[in-house]
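Asker: My questions all concern the structure below.
The values are calculated or read from the model by the stated rules, or taken from the named source; none is laboratory data. What you are looking at is a predicted structure, and each value in this text was computed from that prediction instead of being measured. Using ideal geometry, Cβ is built from the backbone for each residue, glycine included, and neighbour counts are taken over all protein chains shown. Side chains included, ligands, DNA and RNA excluded: accessible areas come from the protein's heavy atoms. Shrake-Rupley method; radii C 1.70, N 1.55, O 1.52, S 1.80 Å.
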Amino acid sequence: MVNQIRTNIKPGILVDIVLKKDQKTGILTRGVVKNILTSAPKHHRCIKVRLENGQIGRVQKIVAI
């Protein structure tokens, strides 16, 4: 999946993430990537990022580059 590979995620792109508190419900939060928090080149549970508004979660979908 595209959202499991770190090189596909760049600061400034629009993504949908799932916050830790929303993992059970699957509610997505949309925002612009500020930082990539996952250091590994690939992660089976998706890449963790911080959005420009400060929220942290795992990328579920890349909306726009």
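Asker: Can you count the Lys pairs in the chain with C-alpha separation below 15 Å, eight or more apart or on different chains?
Answerer: Numbers: LYS10/LYS34; LYS10/LYS42; LYS10/LYS48; LYS10/LYS61; LYS20/LYS48; LYS21/LYS48; LYS34/LYS48; LYS48/LYS61.
Here the count comes out as 8.
Asker: Run the quick spin-label model on ARG30 and GLN55: label points 7 Å from Cα toward the beta carbon, then report their separation in nm to one decimal.
Answerer: 1.1 nm
Asker: Another question about this same structure. Determine the share of the chain's accessible area contributed by carbon and sulfur atoms, expressed in whole percent, with a 1.4 angstrom probe. Provide the component values of the computation, followed by the final result.
Answerer: Numbers: 2270 of 4220 Å².
Solvent-exposed carbon and sulfur of the chain make up 54 percent of the total.
Asker: Only Cα pairs under 8 Å and at least 6 apart count here; give the relative contact order of the chain as a rounded whole percent.
Answerer: Details: 144 pairs, mean separation 26.8, N = 65.
Reported as a whole number, the value is 41 percent.
Asker: For the pair GLN23 and ILE5, how long in nm is the line joining their label points, each one 7 Å along Cα→Cβ?
Answerer: 2.5 nm
Asker: Can you find, among GLY12, HIS44, THR25, the residue farthest towards the positive end of the dipole of the chain? Put +1 on the C-beta of Lys and Arg, -1 on that of Asp and Glu.
Answerer: Checked the options; the winner is HIS44.
Asker: May I pose another question? Taking 35 Å as R0, compute the FRET efficiency from the Cβ-Cβ separation of SER39 and ALA64 and round it to 0.05.
Answerer: Values: r = 25 Å, r/R0 = 0.71.
Computed FRET efficiency for SER39 and ALA64: 0.90.
Asker: Leaving out ligands and nucleic acids, note down the accessible area per residue over segment 14-63 with a 1.4 angstrom probe, in whole Å².
Answerer: With all protein chains present, segment 14-63 gives 63 Å² per residue.
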